[in-house]
1. Please get the size of the charge dipole for the chain, origin at its Cα centre, with Cβ charges of +1 on Lys and Arg and -1 on Asp and Glu, quoted in debye to the nearest 20.
2. Using the per-residue mean of other Cβ atoms lying within 10 Å as a proxy for protection, in what order, highest first, do the peptides 168-179, 466-477, 272-283 fall?
3. So what is log10(I(q)/I(0)) for the stretch 352-410 at q = 0.14, 0.19, 0.20 1/Å, when the Debye sum runs over its Cα atoms only?
4. Taking the stretch 198-272, how much of its Cα-Cα pair set, in percent, is spaced more than 14 angstrom apart?
5. Which of rounded, prolate, oblate describes the stretch 208-367, given a ≥ b ≥ c as roots of the alpha-carbon gyration tensor eigenvalues and a/c under 1.5 marking rounded, otherwise prolate only if a/b is larger than b/c?
6. How are the C-alpha pair distances of the stretch 58-106 spread across 5 Å bins, as whole percents from the shortest bin up?
7. For the stretch 355-373 and the stretch 80-99, what is the separation of their C-alpha centers, rounded to whole Å?
8. Just how far, in whole angstrom, is the stretch 286-333 from the stretch 449-471 if you go by their alpha carbon centroids?
Amino acid sequence: MVRFRHWLFIVACSLAVSVTGYATSAYGISFSDTLTIPGRSTDLYPFAGNSANQNRLGFFSDLYYDRVNNIYYALSDRGPGGGVIPYETRVQKFTLDVNPITGKIRKFKILQTIVFKKDGQTFNGLNPELLNGDKAVLGQSFDPEGFAVAPNGNFYVSDEYGPSVYEFTPNGSFVRAFVIPDNIIPKAGSSLNYVDGRPTITSGRQDNRGFEGLTISPNGKKLFAMLQAPLVNEGVDNNGRNDGRYSRNLRLVEFDIATGESTAQYIYQLESLTDINDRIPGTDDDFGQNAQGRNIGISAITALNDKEFLVLERDNRGFGVDVLNDLVDDPTDIPNPVASKRIYKISLVGATDVSGINLTGTNTLPEGVNPVSKTLFFDIAQALNPENSGDWTKIPEKMEGLTIGPKLRNGSYALLVGTDNDYSVTQNDDDVQFDVCSNQDGTSVSKVPIDSYCPRGQRLVPGFLYSFRVNAAELGNFEKAETTPTSTPTAGLVALGLAGFWLKRQTD
C-alpha cells in the first residue's frame, strides 16, 4: 500500500464556490477531495520493470464513469515523447471508492490495462510519418483523447491525429471507424497531411488540435466529438491571412452511431480573449491575439442529456512538464499566471447546423448562425485555490478528464476532474527523451535521462484526480446513460487484484 501527501498544496476542507456568470445557480458546488497519483506508478502492461514507454501509468486524457457497473476508465494518449517514439496506446479500467456522504475519493485500483489493436497489430502513438513513412497515410497512428462506453459495453475513442472516431470491443479490438466530415480532415492544398501544422496545412484541424473530447448521448444513439481548437483555416489574422489561432469558433461534430456518419456540426465559442486577459493582473502576462484559438481550448465534454453537456475549457498554463522544462533551461524564468480552468454548461437547442457553412477567413459568425448556448458552470482554479486562482504552483496545467460520478446519499453527485501529466516526460529537438523532476513548488527542477531516478527531494510530475460535489439541481435534466452490466470471473478479479496497486490518501 502506497501512502503519500498531496504534492501541491490544495485547500483541505470543503468550500463553497461562487459561480460568477451563471446567474441561475443557487445551490453551490463544493470541493471534496484530491487524490494524488505518483508519476512513477505503473499500469498492468506486461513488462518487468518501470519504463515510461512500456508501463508507466498514463492518465487522464479522458475520464469515464460506467455507473451501471461502478467502473471507471482512464484514457492514455499517444504516450511519452510527443509522437516520436513507439508506444502501444491503451485505456486503464479501474475502481475508485467515493464516500457516499462527503464525496471524498480513495483506493484508486487498476483492474485492467487494455491495449487498442486491429488485425493483430496494436495502434501506435508514433505520428503517421514515422509509423507509415507517409504524412498522408494515417494507418494505425493513434493519439486517443476522448472516451465513451456504448450500451453494449463497446468503447468509442476519438483521436487527434486524424482526427478519428473508432469503436472497439471491451478487450480493445477494432470494430469500425466513423466517417469524418471532409472539412475537418487536415490537408495541404488538396493533399492529405496528418503531420504538419500551419502554414503547410491549409484546411482542416490544426496540428495536435483534433478531437479532444467525446461523449455519448444517454439514449445511446449519438456521439459528440469536439475539436480542441478552431480549424486551421477558419479564422483570420490582422493581415487578412487565414489563421484559426485568431478565432473563438471551434466545431462540435454529431455522429449517428447506427450509420457511423456525421449528422450535424455546431459552433462552440471559446471564452473571449478580452475576458480571459481581464482576469490576469496587469498586461505583461496577457495572451496575444494569436493565442485565442491555440492556447485556449477545450479538453473534455460529457453529456447531461441529449441536448445539454458539460465542457471543460482551459488555457495551457499551470504546473506541468512544459513550465518545469522552461525552468530547467532558465531558473530565473517567472511562469505565466493561470487564467482559465473552467467548466461550462452548453445546449444545442437553437444552435445552427453549420455542416455546410464555411468560416474560412473570418473570426465572426455570419448573420443568422447561432452557436451553442453557453453558461459558466464553475471555475475549477478558483475552487482549488481561492486565495489566488492564478498561482501556477497550485493549479495543474492539463485538466483533461471530466465525468459525472456516483450519486451521493443527499441526492448530489460527485463530479470528477483528472489531469494529464504527460508521463512526466519531455524531449529535445533531436527527439531524445528526458524525465522531468521537481519539488512541490517548482523551486527545484531538473531533467534526467528517461527511466532514471530523480535527484533527492524531487519527483516525477504526479497526476491528480479531483472530486467536487454538485447538487442535482445544478445538473438540471441529467439523464444517466445505460450500459449492459458486466461481470469479471472471481479468479480473474483475484489475479487482477494481485497485479494491481492501491493508492491511499494519507490523513493526519
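The values are calculated or read from the model by the stated rules, or taken from the named source; none is laboratory data. Predicted model only: the values in this text are computed from it and were never measured. Methodologically, a virtual Cβ is constructed for each residue, glycine included, from the backbone with ideal geometry; neighbour enumeration extends over all protein chains shown. Heavy atoms of the whole protein, side chains included, go into the accessibility calculation; ligands, DNA and RNA do not. Shrake-Rupley method; radii C 1.70, N 1.55, O 1.52, S 1.80 Å.
1. Roughly 1820 debye, rounded to the nearest 20.
2. Taking the mean over residues of other Cβ atoms within 10 Å, the ranking is 466-477, 168-179, 272-283.
3. -0.76, -0.89, -0.90
4. Tail of the P(r) past 14 Å holds 62 percent of the pairs.
5. The shape class here is prolate.
6. Result returned by the calculation: 5, 19, 20, 22, 13, 9, 7, 4, 1, 0.
7. 36 Å
8. For the stretch 449-471 versus the stretch 286-333, the Cα centre distance is 18 Å.
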